[in-house]
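The values are calculated or read from the model by the stated rules, or taken from the named source; none is laboratory data. Everything quoted here is computed from the prediction, not taken from an experiment. Note that we place each Cβ from the backbone using ideal geometry, even for glycine, and neighbour counts take in every protein chain shown.
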Amino acid sequence: MASTAPAIAVSAVSKEFRSWRGRLRALDAVDLEVARGEVFGLLGANGAGKTTLIKVLLGLTSPSAGTVTVRGLDPRRPRARTRVGYLPEGHRFPDYLTGNATLRLFGRLAGLDERTLDRRIAELLELVGLADRAGDRVGKYSKGMTQRLGLAAALLDRPEVLFLDEPTDGVDPVGRRHIRDILRATRADGTTVFINSHLLSEVERTCDRVAILDRGRVVRTGSVDDLTRPGRSYRVGVAEPAAVPAAALPGAGVTVAARDGHLDVEADDLPALNALIDRLRAAGAVITELVPTRSALEDVFIEVVTSAENGDREQGTGNRENQESAQLAEPGGAA
């Protein structure tokens, strides 16, 4: 029977660093759960604590407080790192190695036998679209090709959990789409994918759920659909918007702006929206569409982080300066 335990569980995790300013907190009582087979996105500005959390999840640093499990195991134990793949940000491979040789090197480091390597290398080079460039030196690869080769290396051991740090950074739109397709195929095989990224449009297209991290704290968690679901905004199409009498637009509980052949409407509630539609029809307007509009994940992110910062400012607990200093306490910390 398949386990129902989460692939990743983070409970009340805090991480502090020492510096000349004193003890600086990069993570503050973080709680997260990622289900098996889920694609999960971690969002946050520079200094939010994303890289510190990734390092805790990989067992590269220990939390100051709280508990972490990956695949039900403490990630600091060597055996916990089997069946875990990792693609770091800005990774580099030796330029003189070919794509094939690079994967063979990483496969041997992972303890794979030669027969398994022969099969997996052929499968993965085909999956990432590098089969016809396998014999070329990595130094001749483009940024997108290098990213795809790194993804292939992270997938060599058929990981149950895959950590990706900025997987599409610097990749052109065609390459980003290819990587999204690879991640969908990986998820279909049952792999849990944990993505740390600044490219919110990519996260929106790829992830099932996201967590927004701000100054070491999780300030919002939810599915992409829930976070971007339609609210009070609507797109109202009319056959001839210029012919709609201005007197038909004003009304209690609505604001209307004509734009690019349609009306952008903000309505306090459904009765206010229906009253506007009634006025438009009474004025002879032909309604061609009525579509609730979703917020982009980027808009949600900015709203949530700004709200959290304003709340801290009111309470006098803003800590941005300390978070940035925490990056000096440990290489790559609190990014």
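The table that follows gives values for the structure above.
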| item | result |
| --- | --- |
| Residue ID - surrounded by the most Cβ atoms within 10 Å (Cβ to Cβ), chosen from residues in the range 270-307 that are within 23 Å of residue 224 (Cα to Cα) and charged (D, E, K, R) | 294 |
| Number of positions in the range 76-97 that are outside any loop (DSSP other than H, G, I, E, B) and free of Cβ contacts under 8 Å to residues at least 40 places away in the same chain | 4 |
| Matching residues, the range 120-179, being part of a strand (DSSP E or B) and within 21 Å of residue 8 (Cβ to Cβ) | 161, 162, 163, 164, 165 |
| Filter result for residue 112 (modelled with pLDDT of 90 or more, over 25 Å from the mean Cα position of the chain (by Cα), assigned to a loop (DSSP other than H, G, I, E, B) and more than 20 Å from residue 92 (Cα to Cα)) | yes |
| Residue list for the range 164-221, restricted to those being closer than 18 Å to residue 128 by Cβ and touching a residue at least 60 places away in the same chain (Cβ under 8 Å) | 164, 165, 166, 167, 169, 183, 187, 191, 193, 195, 206 |
| Lone unmet requirement of (1) buried (at least 18 other Cβ atoms within 10 Å of the Cβ); (2) in the same structural domain as residue 192 (by TED's automatic domain parsing) for residue 77 | (1) |
| Any hit, the range 61-75, residues being in a strand (DSSP E or B), of a type in the set (A, V, I, L, M, F, W, C), within 29 Å of residue 149 (Cα to Cα) and more than 22 Å from the chain's Cα centre (by Cα) | yes |
| Residue match in the range 205-226 (condition: farther than 21 Å from residue 33 by Cβ, touching a helix residue (DSSP H, G or I) at 6+ places or on another chain (Cβ under 8 Å) and surrounded by fewer than 19 Cβ atoms within 10 Å (Cβ to Cβ)) | yes |
| Tally, over the range 167-196, of residues that are over 22 Å from residue 157 (Cα atoms) and buried (at least 23 other Cβ atoms within 10 Å of the Cβ) | 0 |
